[in-house]
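The structure appears below as structure tokens.
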Amino acid sequence: MKGFLSTSFRLLVNVESLNGIESIGNLSRHRTVPIVVNESGGYTIRYVPAISGESIAHAYQELLVKRAKEMNLPVGLYSSRGEFIKFTDDKFLEEEGIKPPGSMNDLRKVESQIMLKDIVSDVGGFLYAGKKPIKRTSRFQIGYMIPALEEVNASALEAQFHVRHALSEMKKGQLGETRAQIPYNVEVGSAVYTFTYNMDVDGISRVSTAFGMPSEEENALESQRESRVKAALMAFVDLVSTMCFGAKRSRFLPTIEPLGAVACVSAPGPFLASPGNSRWFIGETVRRATRYTETMKKLGLERRIEILSFTKEPLEEKLDEIEVLDNLEHFAQEIVEKVLET
């Protein structure tokens with residue numbers, strides 16, 4: 001149970017308001033980002049709808065909290081509330097019964113103590129900004145969800161007009177006609193989106209501070225390692241299956257159709273899946289992995305890369321090297337099996 005997991009997804013998402021940024025009058029704006037695309041032989045800037053990696057990461061960490069509680073793994077006071085402030089200063093350490101580090105030699109021990117208190121700080125990282133700061137880099141990575149570059153013309157934003165209507169209040173005269181009937185606009189987006197999710201399986205349950213004496217807490221973390229990796233994988237499967245990230249889902253629940261996905265389970269060290277900017281990203285990932293392993297072998301390093309895929313779109317070519325699975329849940333199931341056996 002080791003290695004590095006890298007996945008890329010292509011999703012057809014219609015009529016979503018998953019990530020707003022501000023309100024201007026009665027208009028709720030959707031998040032947009034500038035991206036560089038190649039058009040007519042040259043590069044140009046396009047502003048397109050997007051969903052932030054922070055939004056997706058928040059949903060993943062909430063799923064991790066849920067699974068950790070079911071498995072009796074430790075969840076911190078604030079993480080259990082869905083408030084991922086983590087251990088930013090002395091106040092949060094003291095509330096969890098952890099003594100702030102008195103010297104640089106204490107950093108490794110305090111990092112392990114924090115990890116033992118909160119699995120989210122283990123998998124999702126934290127930054128303690130006290131007098132002797134401690135930084136633990138997140139063991140999972142999620143980027144912005146943006147329109148696939150080759151389908152950027154098939155993305156759009158549109159403001160939808162709505163009216164809050166309270167006829168009974170107009171009759172009573174308590175609110176007045178202007179307050180009883182209020183128009184508002186919500187900007188919605190539709191696109192073929194792509195995003196990437198990575199997980200450093202090797203780093204889960206293991207301290208990142210590279211100096212100081214190992215502590216007893218590290219032995220306790222190692223004893224929980226299998227359960228912690230499984231909890232992180234459960235949350236990943238939940239995220240992939242439900243796509244339950246973003247806001248305004250109660251009345252703007254989008255239509256999400258998975259178009260394709262590719263996953264690389266590599267050891268030792270990471271190998272990143274190609275982003276889903278075109279429908280040929282699965283074949284591109286396979287070709288890159290083949291060249292990479294051949295190069296490393298010539299340099300004397302055996303690198304194992306297992307590749308899994310799912311697609312509803314036609315493949316650029318027949319891929320005998322990998323199995324193309326029939327749905328996203330089967331894809332997630334095979335990922336779990338590959339990670340656990342690596």
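Selection of first residues in the stretch 46-58 that are assigned to a strand (DSSP E or B) and of second residues that are among the small types (G, A, S) and surrounded by fewer than 19 Cβ atoms within 10 Å (Cβ to Cβ), restricted to Cβ pairs under 8 Å at least 6 apart or on distinct chains, gives the following pairs, ordered by first then second residue: P49/A156. Among the residues of the stretch 20-34, those that are of a type outside the set (D, E) and over 20 Å from the mean Cα position of the chain (by Cα) comprise S23, I24, G25, N26, L27, S28, R29, P34.
Return the residue satisfying two criteria in turn: it lies in the stretch 20-34 and is out of contact with any strand residue (DSSP E or B) (no Cβ under 6 Å at 6 or more places or on another chain) and assigned to a strand (DSSP E or B), and of such residues it is surrounded by the most Cβ atoms within 10 Å (Cβ to Cβ).
Top of the filtered list is V33.
Selection of first residues in the stretch 201-217 that are touching a residue at least 12 places away in the same chain (Cβ under 8 Å) and assigned to a helix (DSSP H, G or I) and of second residues that are surrounded by 11 or more Cβ atoms within 10 Å (Cβ to Cβ) and basic (K, R), restricted to Cβ pairs under 7 Å at least 6 apart or on distinct chains, gives the following pairs, ordered by first then second residue: V201/K2; D202/K2; G203/R139; E217/K109. A273 meets the conditions (1) within 30 Å of A231 (Cα to Cα); (2) out of contact with any helix residue (DSSP H, G or I) (no Cβ under 7 Å at 6 or more places or on another chain); (3) surrounded by 14 or more Cβ atoms within 10 Å (Cβ to Cβ) in every case but one. The failed one is (2).
Would you pick out the residues in the stretch 278-322 that are in contact (Cβ under 8 Å) with a residue 12 or more places away in the chain, part of a helix (DSSP H, G or I) and surrounded by 14 or more Cβ atoms within 10 Å (Cβ to Cβ)? Selection gives F281, I282, G283, T285, V286, R288, A289, Y292, T293.
Going by what's in this entry, would F271 be described as of a type in the set (F, W, Y) and either closer than 30 Å to I21 by Cα or not in a loop (DSSP other than H, G, I, E, B) (or both)?
So F271 fails the test.
Against the list (1) closer than 30 Å to V163 by Cβ; (2) assigned to a helix (DSSP H, G or I); (3) not small (G, A, S), the condition F331 fails is (1).
Does A166 satisfy the criteria of being at pLDDT below 95 and crowded, with 18+ Cβ neighbours inside 10 Å? No: the conditions fail for A166. Every listed requirement among (1) within 24 Å of G82 (Cα to Cα); (2) assigned to a helix (DSSP H, G or I) is met by A220 save one, (1).
Counted as qualifying within the stretch 68-146 are the helices (runs of 4 or more DSSP H) with 1 or more residues that are of a type in the set (V, I, T) and in contact (Cβ under 8 Å) with a residue 40 or more places away in the chain, namely 119-124.
Across the stretch 195-227, which residue is farthest from the chain's Cα centre (by Cα) among those that are of a type in the set (S, T, Y) and under 30 Å from R279 (Cβ atoms)?
Of the stretch 195-227, the ones of a type in the set (S, T, Y) are 196-197, 205, 208-209, 215, 223, 227.
Now restrict to residues that are under 30 Å from R279 (Cβ atoms): 196-197.
On the way: T196: 8, Y197: 5 Å.
Filtering first and then ranking leaves T196.
Output yes when any residue across the stretch 246-260 is touching a residue at least 24 places away in the same chain (Cβ under 8 Å), buried (at least 18 other Cβ atoms within 10 Å of the Cβ) and over 30 Å from D320 (Cα atoms), and no when none is. Yes, because at least one residue in the stretch 246-260 is touching a residue at least 24 places away in the same chain (Cβ under 8 Å), buried (at least 18 other Cβ atoms within 10 Å of the Cβ) and over 30 Å from D320 (Cα atoms). When K66, K117, K99 are screened for being of a type in the set (D, E, K, R) and more than 24 Å from A235 (Cα to Cα), only K99 passes.
The values are calculated or read from the model by the stated rules, or taken from the named source; none is laboratory data. Bear in mind the structure is a predicted one, so any value in this text is a computation, not a measurement. All Cβ positions, even for glycine, are placed from backbone atoms using ideal geometry, and neighbour counts span all protein chains on display.
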